[in-house]
Every structure is written in structure tokens, then in C-alpha cells.
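The next block holds one structure in the form of C-alpha cells; read it before the comments.
What follows draws every value from the coordinates through simple rules; no lab data is involved. Predicted, not measured: the structure shown is a model, and the values here were computed from it. Counting neighbours? That spans all protein chains shown, and the Cβs are built from the backbone with ideal geometry, glycine included.
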Amino acid sequence: MSGPGPADGLADVIVVAAGSSRRMDGIDKMQVPIGGKPMLAWTLEALAASPVVERMVVVASAGNLAEISGAPWMPKRVTRVVVGGARRQVSVAAGVNALRDSHVEGAAADRVILVHDGARPLVSAALIESVARAVELYGAAIPGLPVAETVKRVADETVAETVDRSDLVTAQTPQGVRAGLLARAYERYPPDGPETWTDEAALLEACRIAVHVVPGDPSNLKVTQPADLRRVEAMLAVQPSTRVGIGHDSHPFGPGEPLALGGIVIDGAPRLSGHSDGDAALHALADALLGAAGLGDLGRLFPADSRTPRGIPSTELLTAVRDRVAAAGWRPASIDLTIVAARPRLDRHLDAMGDSIASLLRMDREAVNVKASSGNLDGSEGAGRGISALAVATVAGAS
Ligand code: MG
């Protein structure tokens with residue numbers, strides 16, 4: 001949309017990145033790597049690329065504040081990084097305060113304030129300008145997308161009604177409002193009050209402030225689950241880099257039962273001896289992941305001494321490894337695991353092991369392959385004295 005005058009520097013943006021409880025791939029959603037950069041970096045870059053945007057304030061959570069504040073990728077137009085609250089409206093109000101502080105002359109009442117989700121990295125310059133222009137004209141505006149699919153109201157798992165969708169839209173961000181109108185709304189409903197608003201438009205609506213709707217952008221998707229990341233990667237045309245790691249482990253059988261192997265428990269089979277539960281398959285897998293991410297090995301992370309609780313389930317070790325790998329900017333992309341054991345027979349357990357591993361690593365099930373060999377009567381595995389495992393893992397993410 002092109003307006004009457006230049007739109008340069010028309011708006012200040014509050015970027016909400018405080019959704020600390022929402023975690024994907026074991027790390028804070030804002031820090032999830034896309035093509036080697038955190039998602040929030042892409043979002044801020046997209047906003048900074050718009051000439052409409054003058055200042056930006058990032059609202060972080062207590063958990064990610066330090067990391068975001070010190071980030072080397074922070075655009076210069078970000079004047080402050082502040083801590084938000086448990087509710088979105090408290091976070092946005094913190095951003096409004098920070099903008100006021102950084103405005104030496106005080107925020108002018110007609111200043112355009114945009115609020116944008118940190119999890120929408122594909123926001124376009126055209127959409128930003130369209131919303132800012134509409135705020136100039138109407139006082140408040142949001143982008144809305146028509147509802148493409150038929151909408152049903154459901155009760156007790158049964159369709160109760162087909163809803164007329166002709167006048168429905170789904171609300172995107174950035175949402176915009178003049179600073180003075182927002183201040184008026186805050187006087188009526190203080191952000192720390194009992195009412196909860198799912199977005200800024202809902203607050204304005206409650207104050208009978210008209211909110212104009214401009215056409216949204218179908219590409220401006222909000223990342224809420226791992227599958228969205230792959231769509232964003234494809235749309236940003238970034239090639240996630242991949243690394244490969246290998247892991248091997250073997251344990252002899254010890255006294256007692258049951259057998260912990262491949263992330264499951266097999267009753268009626270002898271236990272492997274070890275400082276942990278002896279799950280050689282998960283140990284090989286953990287080593288492969290650590291190797292791929294360049295993070296050493298399992299023995300260094302969890303030494304077989306008093307620093308690691310005796311008998312600890314290897315599922316816990318693998319979960320800890322998953323989080324380390326994620327914190328280093330990588331996510332598991334594929335797993336191939338071979339277990340060598342003459343006893344017990346493993347063929348009927350392989351699917352359950354794959355399920356367990358995929359769930360522990362939060363991976364697509366089809367990216368996890370588990371197979372078994374009898375050991376061909378060779379070596380200690382073939383003689384039934386122990387079990388060994390060999391794993392290859394690829395990780396994707398950072399460059
Ligand atoms: Mg081991």
C-alpha cells in the first residue's frame with residue numbers, strides 16, 4: 001500500500017519475545033535456529049529492513065533476557081531489551097514504557113506503535129507499511145486473513161453448527177495503534193488488572209475503539225510447532241547445514257533383570273551392567289549426537305563416578321544430551337542405530353525403541369531407524385555375553 005506522504009520512521013515496534021514457557025526442540029522458541037540464526041534475529045532483521053520502523057523494543061522473558069540482550073545479531077534500531085510478564089498484555093505494556101523512556105521528548109500521542117510477535121519472522125515490509133498507514137488514517141489497525149476453511153462449532157466431539165465464515169478473519173501481527181489511544185485503553189483497563197486480552201485489538205475493542213482491518217499476508221506465519229520451522233526455512237530459502245556423528249558402546253550382561261535397551265524396558269531379559277542402567281544403544285546414540293554437534297562424548301558429560309547418580313535411566317542422559325545439542329544450535333535430523341545381540345531376540349522390540357527415541361528427541365518418527373543383528377556367533381555379543389550398539393546421527397541447524 002502506498003500512502004500520501006513518506007512513511008519513513010512513522011512507527012515504533014514492540015517485539016514480544018517473552019513466550020518463555022513455549023519451548024521447541026528443547027530450547028526457548030525465540031532461540032530456535034533457522035539457517036544458523038535464532039528465529040528472533042530473523043524477525044528483528046525483517047522489521048529493521050522496513051523504512052517505516054524507527055525504534056524497536058524487544059520484550060524478553062526473565063529466562064532469555066541475558067542471552068537476547070547480549071546477542072551479536074541485535075539490529076541497531078533496537079533501543080531497549082526489557083523483561084515482560086506472564087501475560088502478553090503485561091509484556092506489551094513493558095514495551096510501551098521502554099519506548100516512552102527512550103523518547104526524550106516523551107511519546108507523542110499520535111505516534112504509531114506496532115506490536116509484533118517475535119515468532120513471525122516472515123513479516124514483509126509491505127505489510128508493516130500497510131498496517132502503519134492504516135493506523136495513521138484510522139487510529140488502530142490489524143492485518144486479518146480470511147478464513148479459508150469451513151468452520152464448525154463442536155460440542156461433545158460432534159458438529160453442533162456450521163459457522164458463517166464470510167465475516168471472519170484470523171488476526172496476525174503487527175497490530176498497530178496510536179500511542180494516545182493505547183494510553184486511554186490502559187487507563188480504563190490497566191495491563192496488570194484482572195482482564196486478560198489475547199491481543200491488543202481485543203483490549204481496544206473492549207474500550208469501543210474502532211480497529212481497522214487491512215489484508216493480512218498468508219506468508220506471515222507464526223511459528224508454533226517444529227513443522228512450522230521447516231516451512232519458514234523453505235520460505236527463507238536457507239539451507240540448514242548438516243553434520244554427522246558416530247557413536248559406539250558395549251556393555252556385558254550383569255546380574256538381575258530387566259533389560260534397559262533402546263529407551264525401553266524388556267522384562268524377562270538380563271540387565272546390562274554399568275554405572276547407569278547400562279543401555280548401550282542409547283549411549284551409542286548420545287555419543288553420535290554429541291559427536292555431530294562437536295560437544296565431546298557422554299563419558300565426559302556424565303562420568304561413571306559419584307558425579308552421576310548410580311543406576312540413572314539412560315533416557316535421562318539422552319534428554320540432557322538433546323538439550324545440550326539444542327543449546328549449541330543443532331537439532332537431531334536423522335538417526336540410524338544398529339544393536340548387536342545374540343540374546344534376547346530384539347526384532348519385535350525395534351518399533352517400540354524407535355518410538356521411544358523419536359519421542360525423547362522430539363523427532364519425526366520416520367527419521368529414526370533402529371535395526372538389530374544377532375552378532376553371527378562372533379565376539380562377546382555373538383556369544384551372548386553382552387550387547388553392543390553402533391549409531392550414526394545427523395544434526396541440522398547452525399552453520
Ligand atoms: Mg555405556
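With the convex hull built on the Cα atoms of the chain, state its orientation-averaged projected area in nm². Numbers along the way, then the final one.
Values: hull surface 98.0 nm².
Taking a quarter of the hull surface, the average projection is 24.5 nm².
Across q = 0.15, 0.18 Å⁻¹, segment 94-201 modelled as identical point scatterers on its alpha-carbon atoms has Debye log10 I(q)/I(0) values of -0.79, -1.01, in the order of the q list. Largest first, the three principal axis extents of the alpha carbons in segment 11-237 are 54, 41, 34 Å in whole numbers.
Size descriptors for segment 138-218 (Cα atoms only): Rg and Dmax, in that order, 15.4, 46 Å. Restricting attention to segment 242-397, close to 80% of DSSP beta bridges with both partner residues there are antiparallel.
Using Cβ point charges alone (K and R +1, D and E -1), the dipole size of segment 242-397 about the Cα centre works out to roughly 220 debye.
Beyond 25 Å, the tail of the calculated P(r) for segment 242-397 holds 23 percent of the Cα pairs. Extension gain for Asp101 to Ser359 (0.36 nm times residue separation, less C-alpha to C-alpha distance): 88.3 nm.
What FRET efficiency do you get for Asp110 and Ala202 if R0 is 30 Å and r is their Cβ-Cβ distance, rounded to the nearest 0.05?
On the way: r = 23 Å, r/R0 = 0.75.
About 0.85, to the nearest 0.05.
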